[in-house]
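Each value in this text was obtained by applying a stated rule to the coordinates, not by laboratory testing. Note that the coordinates shown come from a computational prediction; the quantities given were computed from them, not determined experimentally. Glycine also receives a Cβ, built like all others from the backbone with ideal geometry; neighbour counts cover every protein chain displayed.
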Amino acid sequence: MNSPLLQLLVLAGIAVFLILRLKNVLGTRDGFEPGPSQAPLPDSDPSRDFEVIEGGPDFDITDHVEQDTPAAKALADMKRLEPQFSVTEFLGGARGAYEMIVMGYENGELDDIQPFLAEDIYDSFVDGVAAREDQGLTIEANFIGVRELKLMDASLDSETNEAELTIRFTGELTSAVRDSEGEIIEGSLTEVKRQKDTWTFAREMGSNDPNWILISTDG
C-alpha cells in the first residue's frame, strides 16, 4: 500500500473517532426543544402573591397630631364628611385669622371680624373696646407675625357634625397704650412682645358656609 493511501485511511479513521466522541459529549437532539426565550414559566401559585396593603397613614393628619389618638380619629371623620377638608390648609387659614382678629380688637375695628366670632366672643370684645374708650385710651399696635402655631385638640359631634379645633398661637407684636393726651402709659412701639393664646374654632362639617367661627379664647 502506497504512502498517500495509507495517510488518507489514517485521517479518515481519526475523523470518525472525533465524530463519535463529540456525539457522546454533546448528545443528540430529537424533536422540538424550547430555546431560552421559550422556557416554561414558573408555576403561578396565587398563595405566593404578595399582599397589597392599601391605605396607610394620612400625613395631613399625622403631621399635626399623633396617630390613633381621639384627635386623629376626629380629623379623619371630618375628612370623611367633607373630603376636600385639609388640616394643613385650615391651619394656614387660622394663622391669617389670628392676625386679623387680634388686630381688629387692638384697633377697635370689630365690624370686619364679627362674622368670624361667636356671639359671646363678639360681645366680650365690644365690652373691652368700650371700656378703653370710656377711659380715653387708645392702642397703637403692629403685628409682627406668628412665631408658633400648634394644633392642640380636635373633636367632632357625631350627631350635629360640628367640629371643634383648638390651636395654640404664639404671636409677636408691638403694642402701646396711649392716654387721652396721646402719651404712652403702657407698652412700647419698638419692643416686640410675645402673646400666647389658645383659641377654639368651630364649624359644621359639610355645610355650605366655609367659615370657621371663634368660639373660645384662653390667653
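When only residues in segment 126-180 that are farther than 30 Å from Asp60 by Cα and basic (Lys, Arg) count, which is surrounded by the fewest Cβ atoms within 10 Å (Cβ to Cβ)? Filtering first and then ranking leaves Arg132. Candidates Phe125, Phe143: the one that is more than 21 Å from Ser188 (Cβ to Cβ) and among the aromatic types (Phe, Trp, Tyr) is Phe125. Count of segment 80-124 residues, restricted to those that are buried (at least 17 other Cβ atoms within 10 Å of the Cβ), in contact with a strand residue (DSSP E or B) (Cβ under 7 Å, 6 or more places away or on another chain) and outside any helix (DSSP H, G or I), is 1. For the structure I just gave you, tell me whether Arg194 is basic (Lys, Arg) and either crowded, with 18+ Cβ neighbours inside 10 Å or touching a Cys at 6+ places or on another chain (Cβ under 6 Å) (or both). So Arg194 does not fit the description; no. When segment 73-82 is filtered for residues that are without any contact (Cβ under 8 Å) to a residue 40 or more places away in the chain and among the hydrophobic types (A, V, I, L, M, F, W, C), only Ala76 remains.
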